[in-house]
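Engineer: Just dropping this structure here.
The values are calculated or read from the model by the stated rules, or taken from the named source; none is laboratory data. Since we're looking at a predicted model, the values are computed, not measured. No Cβ is skipped: glycine too gets one built from the backbone with ideal geometry, and neighbour counts run over all protein chains shown. Each accessible area value is taken on the protein alone, full model and side chains, heavy atoms only, with ligands, DNA and RNA left out. Shrake-Rupley method; radii C 1.70, N 1.55, O 1.52, S 1.80 Å.
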Amino acid sequence: MHISEMFRLVRGTGHILDVLDVLHRDQVALRIHDGAFSAMDLTASHPRTGELLSTVKFMVQTLAAAGELQRDLQRELTYDGLRAADAKGSKGGRRPAVAAAKTDDVRTAYLEGRSIAALARDHRVSRGAIRTAVADLLPDHTAIEEDAPTPEVPVTLDVPGKVADYLRTTELEPAERAALDQGTPVRRGQGYTLRVSAVPAVHRQLLARCQPLDGGHGVPAVPAQRKARREDENRVSTLTV
């Protein structure tokens, strides 16, 4: 099997054990060539039953779980970093090519008749950088009323499976129910997440519906559900207010 075919198979099934089952069915061997697990045959089968060895399944599940844990930890650290940067007032993205201290001079020169090409040469930047600095002064610029609300753009977030399961049993608004029903399940280890695309307001409403998972009002909290809700809260909190 070609390596590109292998990657296509992984994307199509979404879980490594499904890949091993397909390889075993098609009698394709998959062995580790080097490293700590070198010479291990990931498609080894029992001589009598013909099924994949339980030790192989256990090893693959362990490696997959470790990889998923590492990915989740990296995601959590990224969210924490974004929240810390936002609290300090830092803005992400590429810095403007024209320094803020020179922007006023560029705009004034443009209004006085200086061409974009000449300004680009003077400040040793691209013409696009000058156009960005004077964008609202260009002839084809359309003014936007300050009072007009900016429409929200749908954002995709992975909702923990335990949170999604709870939401399905809860009374929701039509927009919330539609977003949940249109979500795509993503298998993760022994569980799953639901990939939901919705505007930030809907994500926040769904999060608010899950408040009972934290316990209270005489209802004991289930640790796994409470952990899932707080994970979802961390993801929703990164959305722009």
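Engineer: Report, by residue number, each residue of the stretch 148-182 that is open to solvent by less than 60 Å² (accessible area, probe 1.4 Å), part of a loop (DSSP other than H, G, I, E, B) and either of a type in the set (A, V, I, L, M) or modelled with pLDDT of 90 or more (or both).
Structural biologist: Correct list: A148, L172.
Engineer: If you don't mind, there's one more thing I want to ask. Only one of I144, I130 is modelled with pLDDT of 85 or more and more than 21 Å from the chain's Cα centre (by Cα); which? Give the steps one after another, and end with the answer.
Structural biologist: Values: I144 fails: modelled with pLDDT of 85 or more.
Checking each option against the conditions leaves just I130.
Engineer: Something else about it: Taking the stretch 210-232 on its own, how many of its residues are assigned to a helix (DSSP H, G or I) and open to solvent by 50 Å² or more (accessible area, probe 1.4 Å)?
Structural biologist: To start, the set of residues in the stretch 210-232 that are assigned to a helix (DSSP H, G or I) comprises 211-214, 223-232.
Next, from what is left, pick out any that are open to solvent by 50 Å² or more (accessible area, probe 1.4 Å): 211-212, 223, 225-227, 230-231.
Number satisfying all stated conditions: 8.
Engineer: Criterion first (within 26 Å of R71 (Cα to Cα) and either of a type in the set (S, T, Y) or modelled with pLDDT of 90 or more (or both)) does R187 satisfy it? Show your work before the answer.
Structural biologist: Values: within 26 Å of R71 (Cα to Cα): yes; either of a type in the set (S, T, Y) or modelled with pLDDT of 90 or more (or both): no.
Taking the combined requirement at face value, the residue does not satisfy it.
Engineer: Please list, ordered by residue number, the helices (runs of 4 or more DSSP H) wholly in the stretch 1-118 having 3 or more residues that are at pLDDT below 80.
Structural biologist: On the way: elements: 3-13, 16-25, 54-87, 100-111.
The helices (runs of 4 or more DSSP H) meeting that bar are 3-13, 16-25, 54-87.
Engineer: From the residues in the stretch 119-140 that are open to solvent by 80 Å² or more (accessible area, probe 1.4 Å) and assigned to a loop (DSSP other than H, G, I, E, B), which one is nearest to A100 (Cα to Cα)? Before you say what the answer is, go through the steps one by one.
Structural biologist: Within the stretch 119-140, the first condition is being open to solvent by 80 Å² or more (accessible area, probe 1.4 Å), and the residues that meet it are 121-122, 124, 127, 131-132, 139-140.
From the residues that got through so far, the ones that are assigned to a loop (DSSP other than H, G, I, E, B) too are 124, 139-140.
Values: R124: 15, P139: 23, D140: 24 Å.
So the residue we want is R124.
Engineer: So which pairs qualify, if the first residue must be in the stretch 48-73 and closer than 17 Å to G191 by Cβ, the second must be open to solvent by less than 50 Å² (accessible area, probe 1.4 Å) and among the basic types (K, R), the Cβ gap must be under 7 Å, and the two must be at least 6 apart or on different chains?
Structural biologist: Every condition considered, the pairs that remain are E68/R188.
Engineer: Pairs please, first residue from the stretch 106-124 and without any contact (Cβ under 8 Å) to a residue 24 or more places away in the chain, second anywhere and open to solvent by 60 Å² or more (accessible area, probe 1.4 Å), Cβ atoms under 7 Å, 6+ apart in sequence or on different chains.
Structural biologist: As it stands, the answer is I116/R127; I116/R131; A117/R127; A120/S126; A120/R127, since those pairs meet every condition given.
Engineer: For the stretch 62-87, which residues satisfy the criterion of being within 18 Å of the chain's Cα centre (by Cα) and of a type in the set (S, T, N, Q)?
Structural biologist: Scanning the stretch 62-87 gives Q70, Q74, T78.
Engineer: Find the residue count for the stretch 187-209, including only residues that are assigned to a helix (DSSP H, G or I), over 16 Å from the mean Cα position of the chain (by Cα) and of a type outside the set (A, V, I, L, M, F, W, C).
Structural biologist: Let us first name the residues in the stretch 187-209 that are assigned to a helix (DSSP H, G or I), namely 200-209.
The next check asks that each one be over 16 Å from the mean Cα position of the chain (by Cα); those that pass are 201-202, 204-209.
If we keep only those that are of a type outside the set (A, V, I, L, M, F, W, C) as well, we get 204-205, 209.
Of the residues in the stretch 187-209, 3 are assigned to a helix (DSSP H, G or I), over 16 Å from the mean Cα position of the chain (by Cα) and of a type outside the set (A, V, I, L, M, F, W, C).
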